[in-house]
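Before any comments, here is the structure.
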Amino acid sequence: MKAAVLEKIGAPLTVADVELGELPRGQVLVKILVSGMCGAQLQEIAGYKGNAKFVPHLLGHEGCGIVEKIGEDVTRVMPGDKVVMHWRKGEGIESDFPSYVYKGKKMSSGKVTTFSEYAIVSENRVTAVPQDTPDDLCALLGCGLSTALATVENDARVKAGEKVLIVGIGGLGACFIKAAKLAGAGAIVAVDIHDKDAAARALGATHFVRAGSEMRSALHAVDIESFNVIIETSGNAGAIAETLTLLGDSGRYILVGQPKPGESVEIRNAVHLFGGEGKTIKATQGGGFRPSSDIPRYIEEYGSGRLDIENLITHRTTLEKVNDALRLMREGKANRIMIDIWQ
Ligand SMILES: [Zn+2]
């Protein structure tokens with residue numbers, strides 16, 4: 001089968017033939033239809049995730065697929081089921097690491113991967129969904145959209161009418177605009193280093209401001225001095241230091257984008273953190289997203305029309321062109337990019 005392989009840290013992915021290994025206890029063989037591309041893959045390619053020792057390996061952690069075959073003791077899915085493939089652990093068996101054969105050698109892989117035609121996945125990384133669930137929605141619920149929805153619910157605890165600042169309008173930031181909208185935020189301000197005014201508003205943002213020296217005066221011009229909630233998706237230490245000063249009394253600042261290993265972040269005039277009932281800074285891990293119970297709930301929100309995914313996906317690509325799509329992500333030119341695996 002065809003797969004995009006990370007052979008060397010910092011190098012483009014190699015699209016090549018990979019053989020599927022055995023399907024031991026607790027593993028599920030999934031035919032992948034669509035895979036999302038997440039900023040985490042850029043970090044893995046750069047070797048920031050401590051993954052250099054595992055190369056060559058497979059990538060991708062949000063996908064939509066159909067179960068082809070199940071290993072021993074798998075009970076939560078059946079062949080033919082449509083599934084969301086997710087990186088957070090759901091219910092079911094936590095299997096051993098799957099194995100593949102690449103260039104005649106055994107290649108281990110993470111418990112879920114999606115940049116390939118098929119994948120061997122741990123039972124607890126797939127959640128069955130109704131057959132009529134749109135493929136793109138399934139893939140988005142594997143990581144980006146679910147992370148945003150769960151973070152807004154569990155970490156940011158956005159209440160109706162609150163002011164929310166979303167820093168970095170890439171694939172994940174775009175999902176946060178949708179999540180803040182679903183939570184009933186009063187103002188949703190998007191900030192990015194690129195001009196994303198039209199794109200942010202199309203997603204549901206009420207305002208857009210450019211990052212940098214003009215940011216504060218642009219906010220002042222629309223009568224916003226501080227925020228109840230700030231969601232930081234860029235991982236840029238300068239952006240974190242700057243936007244921390246915009247956190248209002250009792251505000252919640254949620255770090256989603258990860259700074260580079262070894263990097264420090266400045267807290268200016270740190271005493272302001274005691275404002276109101278005290279402010280919170282939290283580094284979130286997927287917002288505490290619980291796939292088995294949250295995915296069905298999010299699909300219902302979508303079905304009822306309260307949650308929409310319009311304009312979240314700005315580009316589509318194929319496995320062959322995956323490196324071009326990665327470049328677009330690095331340049332900050334895309335929201336979510338979907339890989340149509342069989343095209
Ligand atoms: Zn992700």
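Whether any residue in the range 10-22 is more than 16 Å from the ligand (Cβ to nearest atom), on the phi > 0 side of the Ramachandran plot and without any contact (Cβ under 8 Å) to a residue 40 or more places away in the chain is what I want to check.
yes
Can you tell me which residue within the range 232-253, out of those that are without any contact (Cβ under 8 Å) to a residue 60 or more places away in the chain and charged (D, E, K, R), is surrounded by the most Cβ atoms within 10 Å (Cβ to Cβ)?
GLU242
Just to check your reading of the model, which residue among VAL229, VAL209, VAL256 is under 22 Å from GLY171 (Cβ atoms) and free of Cβ contacts under 8 Å to residues at least 40 places away in the same chain? Even if it seems obvious, please write down each step before you answer.
Working: VAL229 fails: free of Cβ contacts under 8 Å to residues at least 40 places away in the same chain; VAL256 fails: free of Cβ contacts under 8 Å to residues at least 40 places away in the same chain.
That would be VAL209, the only listed residue that is under 22 Å from GLY171 (Cβ atoms) and free of Cβ contacts under 8 Å to residues at least 40 places away in the same chain.
Listed residues LEU307, LEU326, LEU319; which is in a helix (DSSP H, G or I), out of contact with any Cys (no Cβ under 6 Å at 6 or more places or on another chain) and among the aliphatic types (A, V, I, L, M)?
Details: LEU307 fails: in a helix (DSSP H, G or I); LEU319 fails: in a helix (DSSP H, G or I).
Every option except LEU326 fails the conditions.
I need every pair where a residue in the range 38-67 that is under 26 Å from THR314 (Cβ atoms) and outside any loop (DSSP other than H, G, I, E, B) has its Cβ under 6 Å from the Cβ of a residue that is of a type in the set (Val, Ile, Thr) and within 13 Å of the ligand (Cβ to nearest atom), sequence separation at least 6 or different chains.
From the range 38-67, the pairs are LEU58/THR113; GLY63/THR114.
For every residue, the table says whether it meets (1) under 21 Å from GLN41 (Cα atoms); (2) away from the ligand (no atom under 16 Å from the Cβ); (3) in contact (Cβ under 8 Å) with a residue 60 or more places away in the chain.
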site	(1), (2), (3)
VAL101	no, yes, yes
MET107	yes, yes, yes
TYR118	yes, yes, yes
SER122	yes, yes, yes
ASP132	no, yes, no
LEU149	yes, no, yes
GLU153	no, yes, yes
VAL158	no, yes, yes
ILE166	no, yes, yes
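GLU68 versus (1) surrounded by 20 or more Cβ atoms within 10 Å (Cβ to Cβ); (2) closer than 17 Å to ILE341 by Cβ: which is the lone unmet condition?
(1)
Of the residues that sit in the range 38-47 and are surrounded by 17 or more Cβ atoms within 10 Å (Cβ to Cβ) and more than 9 Å from the ligand (Cβ to nearest atom), which one is farthest from the chain's Cα centre (by Cα)? It would help to see each step written out before you state the result.
The first filter runs over the range 38-47 and keeps only residues surrounded by 17 or more Cβ atoms within 10 Å (Cβ to Cβ), leaving 38-41, 43-45.
Within this subset, residues satisfying the condition of being more than 9 Å from the ligand (Cβ to nearest atom) are 43-45.
Numbers: GLN43: 12, GLU44: 14, ILE45: 16 Å.
Ranking the candidates gives ILE45 first.
If you go through the range 190-212 one residue at a time, do you hit one that is over 24 Å from the mean Cα position of the chain (by Cα) and surrounded by fewer than 23 Cβ atoms within 10 Å (Cβ to Cβ)? Don't jump to the end; show me each part of the working.
Quick first cut of the range 190-212, residues over 24 Å from the mean Cα position of the chain (by Cα) only: 212.
From what is left, the residues that are surrounded by fewer than 23 Cβ atoms within 10 Å (Cβ to Cβ) are 212.
Yes; the residues of the range 190-212 include at least one that is over 24 Å from the mean Cα position of the chain (by Cα) and surrounded by fewer than 23 Cβ atoms within 10 Å (Cβ to Cβ).
Computed from the coordinates by the stated procedures, all read-outs in this text should not be read as laboratory data. Computed from a predicted structure; not experimentally measured. Ideal geometry is used to build each Cβ from the backbone, glycine not excepted, and the neighbour counts take in all protein chains shown.
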